[in-house]
Structures are given as C-alpha cells and as structure tokens.
Amino acid sequence: MQKFVISGGNRLSGEINLQGSKNSSLPIIAGTLLADGECVLKNCPVLSDVYSASRILNCLGCKCQLSSGNAVIDSIGVSGFEIPDELMREMRSSIMFMGAILGRMGECIVSIPGGCELGSRPIDMHLASFRKMGVDISDSGGKIHCRIPSGKAHGAKISLSFPSVGTTENIILCAVTAKGDTIINNAAREPEICDLCRFLRKCGADIKGDGESRIVIRGVKKLHGCEYTIMPDRIAGATYIAMTAATGGELILKNACISETEPFISVLEQTGCGIYIADNRIYVRKGARLHAIKDRIRTMPHPGFPTDAQAVLMSALITADGTSVFEENIFDCRYRHTDALIKMGADIQVMGKVAVVRGVNKIYGADIEATDLRGGAAMAVAALSAEGTTNLSNIYHIDRGYEKFEEVVSSLGGKIRRE
C-alpha cells in the first residue's frame with residue numbers, strides 16, 4: 001500500500017494553478033448520460049474518483065476517454081441501467097448516477113454506495129424525492145431497484161428537510177427530462193450545484209434558481225452534447241492555502257474561484273494571514289505564527305463555512321497562538337483525523353460535534369493513516385509544518401480528491417515523496 005513520506009519544516013512558496021472541481025466533475029459526468037451526443041469536459045481533474053465514474057459510464061454503454069485534463073464522453077450507445085456493486089462501493093458520489101439513469105432509461109438498479117466513512121448519510125431523501133416523481137422503488141438483497149412505470153418521470157413539488165447537496169443534484173438530473181415542472185424547496189446552494197446546472201443548460205435544459213433555495217426545472221424532451229469547462233476546486237484551493245499558512249509561506253493561487261472560496265478566506269483572515277485578491281488570483285502570505293480564531297467555526301451549508309474545509313483549517317491552527325473552537329454541523333464523524341493530529345502533538349479535545357483546539361508550540365512527525373479524503377489532506381498539512389518525518393499511509397483517500405498532490409506540494413518547496 002502506498003504512502004507519503006513528508007519531511008516538515010520547510011516554508012512553502014510559489015505559484016500553482018488550481019485543479020478542476022471534484023465535487024462538480026462527478027455529477028456533471030453523471031449528467032452526460034442524459035445528452036444525446038458527445039460531451040467534452042475541460043478542466044476535468046485527474047482523480048481516482050473520476051476514473052471510477054468513467055468506469056461506470058463504460059459499464060452503462062458510454063464511450064469515455066480521459067486525457068490531459070479533458071473528458072470526452074459519448075452517451076449515444078447507452079443501453080445499461082444497472083451499476084455493479086463493486087463500482088458502487090468505490091465512491092459515495094456513485095449515487096448521483098441514479099437520477100441520470102432514471103432520466104435516460106426510466107429504470108436503474110444500484111447498491112448502497114461507498115466512499116468516505118463520515119457517519120450516517122442515508123439516501124432516504126433521494127428515494128423519497130424520486131417517489132414523488134413517479135418512481136417505484138423496491139429494496140432486496142442489498143440492491144435498490146428503481147423503475148418508472150410510464151417510462152418517464154413527472155414533475156413534482158419537493159421540499160427538502162435539509163438542503164442536501166446530493167439529493168438536490170439527483171433531483172435535478174432526474175427532472176431535466178421529466179414531464180412538467182419540478183420545484184425544489186430548501187435546495188442546496190453550493191457552487192457545484194450551480195456548475196452542474198450551467199452544464200445542463202448548455203446541453204439544452206431549462207433550469208432557474210440554482211444558487212438560491214428554490215430551484216425550478218422545466219422538463220425538456222432531450223438534451224444534446226456540448227463542450228463545457230468545469231469550475232476550479234474551492235476545497236483544493238482551501239487546502240493549499242491552509243498548507244501555506246501553516247508553514248508561514250507565500251502562495252499565488254491561479255485560476256481561483258474567488259467568490260466561492262470567500263467563506264473559507266474570511267475565516268482564515270482572522271488568523272493574521274495577509275490575503276489579497278486580484279485578476280482571478282488569490283495571494284496568501286504569512287510569516288509569523290497564526291492567531292487562533294476567536295469566533296466559533298461552525299460548518300454549515302453554503303454560503304456558510306464548508307465542512308470539507310474544516311479539517312485542513314484545524315491542522316493549520318494546531319500551532320496557532322490561543323484556542324480555536326470548531327462545531328461540525330454536517331457530518332457526525334468528521335473529526336476522525338484528530339487522533340492522528342494528537343499523535344503528532346496537537347492539543348485537541350473532541351466533545352460530540354465540538355472540537356477545542358489549543359495551540360501548541362510544536363508538532364512532530366509520526367506514522368499516521370489517512371481516515372478519509374479531507375482528513376488525509378489535513379494530516380498532510382500538519383506533516384508539512386511538523387518537525388521531523390511523517391509517514392502518511394492510506395493515501396488512496398487523498399488521490400480521490402487531489403490531482404498530482406505530491407507534485408503540487410513539491411513545486412512549492414515541500415519535501416514529500418510517494419513510496
């Protein structure tokens with residue numbers, strides 16, 4: 001099993017281009033199933049999750065080619081509607097294919113998806129929404145069988161009990177070719193949902209209200225192929241910014257999604273970091289120790305502080321002056337990275353959904369294991385600011401969301417190698 005060997009203590013400095021968004025690319029890739037023709041996705045990140053998504057497409061009858069940051073997908077030959085269990089287990093976002101397959105085929109068979117173990121993430125809201133759109137659903141032998149008796153879903157008014165990103169995306173994917181209008185109330189407002197809707201509109205979909213809490217989708221008969229550029233990855237950007245802050249470094253982040261990264265930047269500025277924004281670039285500089293953040297850091301649905309950035313910010317604050325308090329309101333097992341940070345010398349106390357981080361003078365390299373995607377990235381942030389060498393294993397988690405991670409870190413002067 002591969003690992004990263006990271007020697008800490010180097011001040012990171014340099015310029016990097018931000019990769020395409022993982023959380024945008026996966027639902028957009030699922031959305032190509034609905035297009036009657038070829039889609040060319042530019043700025044598509046080279047990630048293990050993207051390869052998993054392409055294998056699902058191939059299994060369903062699509063032709064999919066990935067090269068040089070582009071994905072070329074031809075869905076004309078789609079004939080399948082079942083995703084094998086081994087492909088579903090590879091990533092949580094495989095559930096996104098349900099809405100797209102139903103919209104294209106009127107039937108789908110899936111099993112419970114895999115991905116990071118972040119606690120209870122039931123798909124009940126997905127299934128309840130599909131039922132409102134005329135989908136019959138049965139569950140047996142660990143498989144979920146969805147079928148639309150009429151062959152095509154119908155519009156519905158759906159009010160979500162929680163602004164779930166995945167459920168909002170799945171409803172949109174099913175609704176764009178449904179009969180009539182679908183209204184989603186309390187819809188998720190994340191930028192990646194807006195990116196999915198922009199892609200679908202370019203394919204001919206009729207969607208209004210994305211980025212707001214009420215989205216209206218008017219079904220069309222069919223979609224066509226298009227060429228589309230995926231938005232930059234705001235969470236990868238937050239990770240490299242946190243890494244730079246933790247090492248007292250200097251970074252120019254090019255191809256940055258500035259407004260989408262604002263909820264993270266506005267919090268990090270409270271640590272004393274110098275952050276300057278111009279010409280679609282974010283410039284970060286920090287030469288002295290960080291200050292703890294006085295206000296409680298609460299993860300919330302967008303436009304609140306993103307749960308995906310909680311762990312990397314925590315790693316930057318473990319050697320800050322003072323005490324910072326985190327409150328995780330999205331996932332109930334999102335502090336799994338703290339054990340590794342404590343092993344490295346951090347002072348962190350977890351009490352339910354609250355984590356209290358008291359800054360220490362130094363942390364030290366250790367043998368640690370990535371527990372999930374963002375937790376693994378957080379451990380790498382800590383390792384780069386630690387004294388000594390860290391052996392970080394289970395890095396397949398990191399490969400799911402970060403393109404050429406060790407190459408990017410090395411380009412900034414970090415000492416990291418894959419073994």
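Among the residues making up the range 250-303, those that are in a helix (DSSP H, G or I) and of a type in the set (A, V, I, L, M) are 258, 265, 267, 268.
Condition (residue is touching a residue at least 24 places away in the same chain (Cβ under 8 Å), surrounded by 23 or more Cβ atoms within 10 Å (Cβ to Cβ) and within 30 Å of residue 415 (Cβ to Cβ)) applied to the range 171-178: is it met by at least one residue? No, because not a single residue in the range 171-178 is touching a residue at least 24 places away in the same chain (Cβ under 8 Å), surrounded by 23 or more Cβ atoms within 10 Å (Cβ to Cβ) and within 30 Å of residue 415 (Cβ to Cβ). Being within 15 Å of the chain's Cα centre (by Cα), assigned by TED's automatic domain parsing to the domain that holds residue 177 and either part of a helix (DSSP H, G or I) or surrounded by fewer than 16 Cβ atoms within 10 Å (Cβ to Cβ) (or both), is that true of even one residue in the range 35-49? Checked against the condition, which is being within 15 Å of the chain's Cα centre (by Cα), assigned by TED's automatic domain parsing to the domain that holds residue 177 and either part of a helix (DSSP H, G or I) or surrounded by fewer than 16 Cβ atoms within 10 Å (Cβ to Cβ) (or both), the range 35-49 yields at least one hit.
Taken residue by residue, the range 283-299 has at least one member that is of a type outside the set (A, V, I, L, M, F, W, C) and under 27 Å from residue 397 (Cα atoms).
When the range 343-387 is filtered for residues that are more than 22 Å from the chain's Cα centre (by Cα) and either part of a helix (DSSP H, G or I) or among the hydroxyl-bearing types (Ser, Thr, Tyr) (or both), the ones remaining, listed by number, are 343, 364, 383, 384, 385. The sole residue among 271, 239, 244, 261 that is touching a residue at least 40 places away in the same chain (Cβ under 8 Å), assigned by TED's automatic domain parsing to the domain that holds residue 358 and closer than 25 Å to residue 332 by Cα is 239. Remark: pairs (first residue in the range 301-318, crowded, with 22+ Cβ neighbours inside 10 Å; second residue among the hydroxyl-bearing types (Ser, Thr, Tyr) and assigned to a helix (DSSP H, G or I); Cβ separation under 6 Å; 6+ apart in sequence or on different chains) = 312/239. Restricting 220, 216 to those that are in a strand (DSSP E or B) and either among the aromatic types (Phe, Trp, Tyr) or under 24 Å from residue 165 (Cα atoms) (or both) reduces the list to 216.
Annotation for the range 5-19: no member residue is of a type outside the set (Phe, Trp, Tyr), over 30 Å from residue 287 (Cα atoms) and in contact (Cβ under 8 Å) with a residue 12 or more places away in the chain.
The values are calculated or read from the model by the stated rules, or taken from the named source; none is laboratory data. Predicted model, so just to flag it, every value in this text is computed and none were measured. Positions of Cβ are generated from backbone atoms using ideal geometry, with glycine treated the same way; all protein chains shown enter the neighbour counts.
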